[in-house]
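First comes the structure, then the notes that go with it.
Computed from the coordinates by the stated procedures, all read-outs in this text should not be read as laboratory data. It should be emphasised that the depicted structure is a prediction, and the values quoted were computed from it without experimental measurement. Cβ placement follows ideal geometry from the backbone for every residue including glycine, while neighbour counts extend to all protein chains displayed.
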2 protein chains.
Amino acid sequence: MMQWVIGIDGGGTKTVGCAADVTGKVLGWVEKGPSNYHITGVAKFTAVIASIIDELAVSLNLKKVDLLVVSLGLAGADRIRDKDIVIGALAGLGLTCNYLINSDAKIALVAGLGKAEGIVLIAGTGSIAYGINRQGAVIRAGGWGHLASDEGSGYAIGRQAVVRGIRAAEGRDKATVLMDMIMEYAGLTSWNDMIGYINNQSTSKGNIAAFAQVVGDAAKQGDQVAIEIVKQAGDALASLVESVITRGFGWGEPVQVCMYGGIVTNILMVRERLEEALAKRANLVACKTQPVEGAVRLGLEWVQNKV
Amino acid sequence: MMQWVIGIDGGGTKTVGCAADVTGKVLGWVEKGPSNYHITGVAKFTAVIASIIDELAVSLNLKKVDLLVVSLGLAGADRIRDKDIVIGALAGLGLTCNYLINSDAKIALVAGLGKAEGIVLIAGTGSIAYGINRQGAVIRAGGWGHLASDEGSGYAIGRQAVVRGIRAAEGRDKATVLMDMIMEYAGLTSWNDMIGYINNQSTSKGNIAAFAQVVGDAAKQGDQVAIEIVKQAGDALASLVESVITRGFGWGEPVQVCMYGGIVTNILMVRERLEEALAKRANLVACKTQPVEGAVRLGLEWVQNKV
């Protein structure tokens, strides 16, 4: 018999599961579809988690009775009501393991800094700055979802590229090569087709967020509108981090900030802007680990504390 | 036997039908649910139109064989592909009448100015400036849907109120009484509940747009953030109209501009801002007619031209 743990990073587009033994040695990975239950509903969320546990058990030839803990990082799981719903749903799986529920941001923080202290800035399709200070208090900025803008996120950057293009097409803004680059990326032959593209029900938030990389490329080539958009995004992300520092960490020595997501790791101009804006208040690190590793680590800590 | 016509204003939230005799005398009204086929799908669109025709015929004791024309104003119907789809769907009803398809903006223009020449500015949940010049050319600005912002619309104003409130809650913006007013309107006891409200699947674009009236009220009371939001909206709407004037009407005498929608008719500060910005280029009229009356008028013109 070998005791084991599972870490799960459950997101709006995909869910990553990672199994490890109690020494922390990674045994296997599995990737499934979305499991943000706010979007997928509870039934589908539960099915995704169940299939991850099953697949890992089968492929690694491990027994579910030897599984000690499933440690999940889930969007929105900071709220007690959400936790109750999730725990209730997972209880229905009838397993003997414990379930640990943390937010997706907290597991990323732990994965990035190795401990639940400091700040994580995530800027992918959405954006959030999430901090836990020495006293254990949680401080968040942003992360309210795409409607309220998720400033500096891929969605916000992509959307801004569309907005500026529309204005240019109507003589209300300067037309630059960014419009052509966005059109080409979306497979459109005329900017007028953009109205159909953005309003099409099959166009997802992810499709709009995908424009962000195009904006980053255009900025690198010197496109003025793209540079403006990217700089605004960098400033917006800096303001999220600054808000967390001010409310939770004060004005002492620079705070450790780890960064995840395509916007901060792939768009150099965003990172430069962030470093400039936060030079005196933060040490920024672009992360190469995966957030799910933080879930595994929290699972292992739970096991150790239990012994 | 009495020959008759129907005008229909088909929108994303409701559909208004109006029957008239060939002299233009209004015989009856009926209101149904949404009929923007981009949103509802073609089948539901067709069912709504069929039920309007049926109900008017039955309640007015008129025969469908005496119905000469159904004149529709539909979102997105400027494009030939959309027209073909709509005409094809309506042909399935098996009626002998003719169908006239125009955009929702064009029927509003005709209702507001009495002819298909001039500019209409619509600022309700969404926003658009739509002009037809003396040469018959159509010039549009805005109206690309809520993702690309519909600047100055109720949705944009409501969304901005949420964005500013989030920033204030996170110490990134000044907190004003607008936050309390929005919370009260949404039935929330804490601003933190706003994250659940805006991301709830039952919260519609209309719910967000409804915040606009609260912003208007707060601005009237002198709330600084509300005043900023409302002024920005006024400027954005002015820029839509200006774009249409510049591209389609040139720099001659002031252009007739009729206005529809709660934002321009109910929020005084928006209208003042618009009048100021467009003083030299436009004569602005807030409309009391209903857009569907423009559909009826276009239907009657078709009948007269046919005779």
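Coupling constants for region B:48-64 follow from the phi torsions by the Karplus curve (6.51 cos²θ - 1.76 cosθ + 1.60, θ = phi - 60°), and in residue order they are 5, 5, 4, 5, 5, 4, 4, 5, 5, 4, 5, 5, 9, 6, 10, 9, 5 Hz; glycine and proline get x.
For A:ALA75, neighbours were defined as the other residues whose beta-carbon sits under 15 Å from its Cβ, and their charges (Lys and Arg +1, Asp and Glu -1) total +3. Per-residue Cβ neighbour counts within 10 Å put B:CYS18, A:CYS97 in the sequence A:CYS97, B:CYS18, beginning with the fewest.
Entry for region B:157-209 at q = 0.13 Å⁻¹: log10 I(q)/I(0) = -0.27, Debye formula applied to identical alpha-carbon scatterers, no solvent contribution. Remark: mean inter-chain Cβ contacts per residue of A:139-149 equal 6, using a 10 Å Cβ-Cβ cutoff to other protein chain atoms. Residues whose amide H falls under 5 Å from that of A:ALA77, counting only those 5 or more places apart or on a different chain, are A:ASP104, with hydrogens built in the peptide plane.
Exceedance of the 29 Å cut-off in Cα-Cα distance is limited, within the set A:LYS115/A:LYS231; A:LYS205/A:LYS288; B:LYS83/B:LYS280; B:LYS44/B:LYS64; B:LYS106/B:LYS280; A:LYS280/B:LYS174, to A:LYS115/A:LYS231; B:LYS83/B:LYS280.
Farthest toward the positive end of the dipole of chain B, out of B:SER153, B:ILE107, B:LEU93, is the Cα of B:LEU93, where the dipole comes from beta carbon charges about the Cα centre. Annotation: amide H-H contacts under 5 Å for B:LEU27 (H modelled 1.01 Å from N, sequence separation of 5 or more, or interchain): B:ALA19, B:ALA20, B:ASP21. How much net charge surrounds B:ALA209 when only other residues with a Cβ under 13 Å from its Cβ are counted (Lys, Arg +1; Asp, Glu -1)? With Lys, Arg at +1 and Asp, Glu at -1, the neighbours total +1.
By the compact-protein rule of thumb, 2.2 N^0.38 Å, the alpha-carbon radius of gyration of chain A corresponds to a ratio of 1.07. Computed over all pairs of different Cα atoms, the Kirkwood value for the hydrodynamic radius of the protein assembly as shown is 26.8 Å. For A:LYS14, nonlocal amide neighbours, meaning residues 5 or more places apart or on other chains whose placed amide H falls under 5 Å from its own, are A:SER35. A straight line joining the Cα centroids of region A:69-89 and region B:92-157 runs 46 Å. Per-residue Cβ neighbour counts within 10 Å put A:THR265, B:THR189 in the sequence B:THR189, A:THR265, beginning with the fewest. Cβ-to-Cβ counts within 10 Å put A:LYS280, A:LYS231 in ascending order as A:LYS280, A:LYS231, the fewest first.
Based on the Kirkwood approach, the hydrodynamic radius assigned to region A:34-163 is 16.4 Å, with every pair of different Cα atoms included. For B:SER127, the shell of other residues with beta-carbons less than 12 Å away shows a net charge of -1, using +1 for Lys and Arg and -1 for Asp and Glu. Computed from Cα atoms, the angle from the helix B:224-248 axis to the main principal axis of chain B rounds to 40 degrees. Across B:ALA123, B:ALA210, B:ALA91, mean-square fluctuation computed from a Gaussian network of chain B (C-alpha pairs under 10 Å connected) peaks at B:ALA91.
Using the alpha-carbon positions of region B:154-286, Rg (one decimal) and Dmax (whole number) come out as 16.5, 54 Å. Under the combined filter of DSSP loop state and at most 16 neighbouring Cβ atoms within 10 Å, region A:169-226 retains these trypsin sites (Lys or Arg not before Pro): A:LYS174. What the Kirkwood sum gives for region A:167-238 is a hydrodynamic radius of 12.9 Å, with every pair of different alpha carbons counted. The angle separating the long axis of helix A:80-91 from the principal Cα axis of greatest extent in chain A is about 50 degrees. Rounded to the nearest 20, the size of the Cβ-charge dipole of the protein assembly as shown about its Cα centre is 180 debye, with Lys and Arg at +1 and Asp and Glu at -1.
In a simple Cβ point-charge model (Lys, Arg +1; Asp, Glu -1; nothing else charged), region B:154-286 has a dipole of about 300 debye relative to its Cα centre. Once both labels are positioned 7 Å from their Cα atoms along Cα-to-Cβ, the gap between A:THR203 and B:VAL26 label points is 3.7 nm.
The angle between the Cα long axis of helix A:154-169 and the main principal axis of chain A comes to about 20°, on a 0 to 90 degree scale.
Under a model in which nothing but the beta-carbon of Lys, Arg (+1) and Asp, Glu (-1) is charged, region A:210-272 shows a dipole of about 120 debye around its Cα centre.
Note on region B:154-286: dipole from Cβ charges, positive end direction compared against B:VAL230, B:SER190, B:LEU278; the farthest Cα belongs to B:LEU278. Restriction of the trypsin sites (Lys or Arg not before Pro) in region A:39-121 to DSSP coil positions whose beta-carbon has at most 15 other beta-carbons within 10 angstrom yields A:LYS63, A:ARG79, A:LYS115.
Cα centroid separation, region B:184-255 to region B:272-307: 23 Å.
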